Each structure stands twice: as structure tokens, then as C-alpha cells.
Amino acid sequence: MAKLLIVDDELNIRSALREILEYEGYTVDEAKDGDEGLECLRQNDYDVVLCDIRMPKMDGLEMLLKAKELEKHAQFIMISAYGNIENAVEATKRGAFDFIQKPFDLNRLLVSIRNAFDKSQQTTEIRILKKRVYKINEIVGESAPIRKVKETIDRVAPTEARVLITGPNGSGKEMVAKQLHEKSNRANKALIEVNCAAIPSELIESELFGHEKGAFTSAIKQRIGKFEQADGGTLFLDEIGDMSLSAQAKVLRALQEGKITRVGGDKEIKVNVRVIAATNKTLQTEIREARFREDLFHRLNVIPIYVASLAERRQDIPLLVDKFLNDIAEEYGSGGMPKTVDEEAMLYLQNLPWTGNVRELRNVIERLVIMCGNEITIEDVNMYAMVG
């Protein structure tokens, strides 16, 4: 049931609105001024706030600003007997959902409340989804290498600096890229991922920069590339060490000039993209063997982040195992408590080679959850791990 707050210094207005809205099935609270309204917001969660603009002590626009600082999901509908364009524009600028003039058109008011409630529900669902995604992409560990990675992410994410993430396959480079985006000022924009190793060299330029209709045989219509899709957000170039030299040259130009040109086109398109790259290769070796451009390397390697192999941070394995046990229990919706790993089995897991790193560990834990009882033993690990 939707919960509303009415903030108005006129008792008769509050009473009339309350009677109407409770008849419509809403739960309603009242506040006689902005100070009291803010206190209600601190103590409760509301879907919609009906807020008068002209009130003693604190006017409605000031309350709206202070309410946004509380990071509540409530949508504000501003009401005023002094309806004018300036008030409406100012309310919208400060984040109000709608502006309605007194005396109310009841149908208009009820429609606005329903729409504001829908927006409030969407905002709540998005926040829950973001928290869930953040949990999935959480970097787990307390070893020195992982602490360094976390500290670097916290320091670098809010900047516009390009980042080059290195480390072996399966170590968690993609999670580092996602954390950099989620903690950046671009978090509300798109994170576009490109696996350069998975795209044939003859198609990588079209994938990155798009193409015009007729640019090549199979180009039957115009295509928007990843750089344009990521405009305003972040572009993650995974396995960039596998990118062709011709595509590297175009990426370098895009980074230098902030412009791209679609394949088969001649129009320059401005793009505002933060590039994060990752590779499991040693790019200095690739440069010496003329497979990677040195000038592109220096453009990308503003902030280097190395993600250590699991063998370099074995002390993190118990924490990772606990996370995977909880994640898998949630994914499978078993409804019961997550399975556990006994002490001897955990010690054994810590001493396995883990050539596939965190990705391999996660797969093994999922296999053990499916195949074993509520407590996973060393015998279970010996039977089902198949590591290496």
C-alpha cells in the first residue's frame, strides 16, 4: 500500500487531502511545516510527498532540497496557490516530480499521485537491483594484493583517468572494471564491454566504431558502435592485447581527439567515453614484438592495476568460498541455509593449484554444492574438485 506525506501549513487543506487519499486506499501522514516534514522523512519511508511551496519556517523548495540529501526514494509533488511558470521550473530543477496549482483539479491530482507512486516503485526496484549487482561484482579478500586493488579503485574511480588492468585469466579483472564504473561519476550511464579476443580482426573496427550502410558486403544497414553506445559512460576493452594493429590506431585517435568515424563513413562523431582496458598479456613484450602500439599502451596505462592470481593470495580463499556458497544458495533459491565446508576441506582447498584462479574456484564450489550434502568434506573435494 502506497504511503503518502502531506506537508502544508493549512489544516483544512491537509484534512481535505487526507480524507480523499485515505478513501482512495493510501496511508497518509501529515506535517504542518517543512521542519516537521523533514523529521517525518527521517523517521519513515514514503512513496509520495505532497508539499506546499509557501510555508513558515522552511518553504517547500528548501524542504525539497534537504529531502534529496536524505537519499529517500519519495517523489515530491509541489502544490501552491501561487501558480506560475517560475515556481514550476524551479521545483522541477530541484527534482520535483510534478507541480500542481491550488485549488486542485482532483482527477489531475490523483493521476499525478499514481504516476509518482509508479516512479517511486521503479526507483526502489532499481536501487535493489543495483545493490544485488554490486554484491555480485564485489571484490572479496583481505590479502595485501587485494587491499591494494581496493584502495586504488576507491582513489581512482571518481576521476576520469584511464586504467589498464592486468593479471591472469579468471583472476577478476572484469570485476575491477565494473567496480571502477560503479564507483565513478559515470555510474548512472552505460558500461559497455567488448571482448577483443572474441571478435574476428576483420569485424573489430565495425564493432567498436560502427559502420554505415553499404560499407561492406554484409552491411545492410547502419550500425552504432560501442564507442557511441558508451557515450557519457565507460567502455571496457577486455583482452585488448588481442586487438588488431589497425583497430589500435583508431582507438588511439579516439582517445587523443575524442572523435570516431564509422567504417565506410567520413563524418566525425564526438564521443565522451572513459576507457578501461584489461589484458592477461605482458604488453611490453607485445610492443617489442611489434604486436601492440607503444603510444596506445602509454595512453591506456595512466593507472595500472594488477590483479594477483589466486595462488598469490591463498588467504582469501575461505572468504571467497563463503561468498560463493551464499551466492549459489541465493541463486538456486533453496530457501535453506547455505552449505558449509569443514575445516579440513577448507585447508585442502587453500592448497590446490587453482590455475584457473577465482573463476575456477567458483565453478568448483558450485559443483560441490550440487553434488554434496550440507557439509562439504575433504572426501567430497577429492571426489568432485577436479582442479588443474
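The values are calculated or read from the model by the stated rules, or taken from the named source; none is laboratory data. Since this is a predicted model, take the numbers as computed values, not measurements. Here the Cβ positions follow ideal geometry from the backbone for every residue, glycine too, while neighbour counts run over all protein chains shown.
Looking for whichever is among the basic types (Lys, Arg) and in contact with a Gly (Cβ under 9 Å, 6 or more places away or on another chain) here; the options are Lys93, Lys72, Lys68. Which one fits?
On the way: Lys93 fails: in contact with a Gly (Cβ under 9 Å, 6 or more places away or on another chain); Lys72 fails: in contact with a Gly (Cβ under 9 Å, 6 or more places away or on another chain).
Result of the check over Lys93, Lys72, Lys68: Lys68.
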List the residue pairs whose Cβ atoms are under 9 Å apart, where the first residue sits in region 150-172 and is assigned by TED's automatic domain parsing to the domain that holds Val275, the second is of a type in the set (Gly, Ala, Ser) and surrounded by fewer than 17 Cβ atoms within 10 Å (Cβ to Cβ), and the two are 6 or more positions apart or on different chains.
Ala157/Ala187
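Restricting attention to region 14-25, which residues are surrounded by fewer than 19 Cβ atoms within 10 Å (Cβ to Cβ) and closer than 19 Å to Met78 by Cβ? Walk me through how you get there before you give the answer.
Quick first cut of region 14-25, residues surrounded by fewer than 19 Cβ atoms within 10 Å (Cβ to Cβ) only: 15-16, 18-20, 22-25.
If the condition is that a residue be surrounded by fewer than 19 Cβ atoms within 10 Å (Cβ to Cβ) and closer than 19 Å to Met78 by Cβ, then Ala16, Arg18, Ile20 are the ones that fit.
Consider Leu208 carefully, then state whether it is crowded, with 21+ Cβ neighbours inside 10 Å and in a helix (DSSP H, G or I).
Details: crowded, with 21+ Cβ neighbours inside 10 Å: yes; in a helix (DSSP H, G or I): yes.
Judged against the criteria, Leu208 is a match.
Considering only region 67-78, state which residues are modelled with pLDDT of 85 or more and out of contact with any Leu (no Cβ under 6 Å at 6 or more places or on another chain). Walk me through how you get there before you give the answer.
Taking region 67-78 first, the residues modelled with pLDDT of 85 or more are 67, 74-78.
Answer for region 67-78, where residues must be modelled with pLDDT of 85 or more and out of contact with any Leu (no Cβ under 6 Å at 6 or more places or on another chain): Ala74, Gln75, Met78.
Specify which of the listed residues (Lys189, Lys226, Lys213, Lys221) is modelled with pLDDT under 95, under 19 Å from the mean Cα position of the chain (by Cα) and of a type outside the set (A, V, I, L, M, F, W, C).
On the way: Lys226 fails: modelled with pLDDT under 95; Lys213 fails: under 19 Å from the mean Cα position of the chain (by Cα); Lys221 fails: under 19 Å from the mean Cα position of the chain (by Cα).
Checking each option against the conditions leaves just Lys189.
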Answer yes if at least one residue in region 42-51 is modelled with pLDDT of 90 or more, assigned to a helix (DSSP H, G or I) and buried (at least 18 other Cβ atoms within 10 Å of the Cβ), and no otherwise.
no
Residues of region 62-108 being more than 20 Å from Gln43 (Cα to Cα) and in a helix (DSSP H, G or I), which ones?
Ile85, Glu86, Asn87, Ala88, Val89, Glu90, Ala91, Thr92, Lys93, Leu106, Asn107, Arg108
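Quick grid of which residues meet (1) free of Cβ contacts under 8 Å to residues at least 24 places away in the same chain; (2) over 19 Å from Ile192 (Cβ atoms):
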| residue | (1), (2) |
| --- | --- |
| Leu203 | yes, no |
| Lys221 | yes, yes |
| Gly233 | no, no |
| Val273 | no, no |
| Ile276 | no, no |
| Glu289 | yes, yes |
| Leu300 | no, no |
| Ala308 | no, yes |
Identify the residue in region 86-120 that is in contact (Cβ under 8 Å) with a residue 40 or more places away in the chain and surrounded by fewer than 17 Cβ atoms within 10 Å (Cβ to Cβ) and, among all such residues, is nearest to the chain's Cα centre (by Cα).
Lys119
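Residue by residue through region 254-281, note down the ones that are over 27 Å from Glu182 (Cα atoms) and either under 26 Å from the mean Cα position of the chain (by Cα) or among the polar types (S, T, N, Q) (or both). First the steps, then the outcome.
Restricting attention to region 254-281, the residues satisfying the condition of being over 27 Å from Glu182 (Cα atoms) are 261-268.
The answer is Thr261, and nothing else.
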Among Arg14, Arg54, the single one that is touching a strand residue (DSSP E or B) at 6+ places or on another chain (Cβ under 8 Å), among the basic types (Lys, Arg) and part of a helix (DSSP H, G or I) is Arg14
Inspect all residues belonging to region 140-156 and state whether any of them is modelled with pLDDT of 90 or more, closer than 17 Å to Ala247 by Cβ and of a type in the set (A, V, I, L, M).
no
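Here are Ile370, Ile317, Ile328, Ile376: which of them is over 17 Å from Lys173 (Cβ atoms), in contact with a strand residue (DSSP E or B) (Cβ under 7 Å, 6 or more places away or on another chain), without any contact (Cβ under 8 Å) to a residue 60 or more places away in the chain and not assigned by TED's automatic domain parsing to the domain that holds Leu164?
Details: Ile370 fails: in contact with a strand residue (DSSP E or B) (Cβ under 7 Å, 6 or more places away or on another chain); Ile317 fails: in contact with a strand residue (DSSP E or B) (Cβ under 7 Å, 6 or more places away or on another chain); Ile328 fails: in contact with a strand residue (DSSP E or B) (Cβ under 7 Å, 6 or more places away or on another chain).
Every option except Ile376 fails the conditions.
What number of residues in region 302-338 are among the basic types (Lys, Arg) and either closer than 15 Å to Ala385 by Cβ or modelled with pLDDT of 95 or more (or both)? Break it down stepwise before answering.
Going through region 302-338, the residues among the basic types (Lys, Arg) turn out to be 313-314, 323.
Now narrow it down to the ones that are either closer than 15 Å to Ala385 by Cβ or modelled with pLDDT of 95 or more (or both): 313-314.
Matching residues across region 302-338 total 2.
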